[in-house]
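S.K.: I have a structure here, written as structure tokens, and I will follow up with some questions on it.
Where a number appears in this text, it was derived from the coordinates with a stated rule and is not lab data. Quantities reported herein were computed from a predicted structural model and do not represent experimental measurements. Because the Cβ atoms are built from the backbone with ideal geometry, glycine has one as well, and the counts that use them run over all protein chains shown.
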Amino acid sequence: MPRIIVLPHHEICPQGAVITAETGESICDAALRQGLAIEHACDKACACTTCHVIVREGFDSLNELDELEEDLLDKAWGLEADSRLSCQAIVGDEDLVVEIPRYTLNHAAEKH
Ligand code: FES
């Protein structure tokens, strides 16, 4: 069962966290199941950017991005080469290291 190391995030997990994921499950589902409140404003329908994460290790073990996810990611706050929408990123059989960006577009709009 792959592990996901979640790097510290000021609100969601100030100390960081280590969670487990089922192969075939999304990063978002694994995180929510284990109490990490990743935002998911569109209810995981690939229609927002609030579930954005940066996959620091294990990116290549995930499923491929589709065009819709790529288009949405272009609008995400803090986009990086290894960015994914966590509700669309399906865990393979490798461990991952994931960073939750400091802001989502929702936050940025609220001027936090
Ligand atoms: S929750 Fe909206 S795209 Fe993931």
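S.K.: Sorting check: for 74-84, 45-55, which peptide has the highest mean count of neighbouring beta carbons within 10 Å, and how do the rest follow?
M.R.: Working: 74-84: 15.6, 45-55: 20.3.
Highest mean packing first, the order is 45-55, 74-84.
S.K.: Does the chain classify as rounded, prolate or oblate by the C-alpha gyration tensor (a ≥ b ≥ c root eigenvalues; a/c under 1.5 gives rounded; else a/b over b/c gives prolate, otherwise oblate)?
M.R.: Since a/c reaches 1.5 but b/c is at least a/b, the shape of the chain is classed as oblate.
S.K.: First select every other residue whose beta carbon is under 12 angstrom from the beta carbon of GLU57; then total the charges, Lys and Arg +1, Asp and Glu -1. Before the final figure, lay out each step's value.
M.R.: Values: positive: ARG3, ARG56; negative: ASP60, ASP82, GLU94, ASP95, GLU99.
Computed value for this residue: -3.
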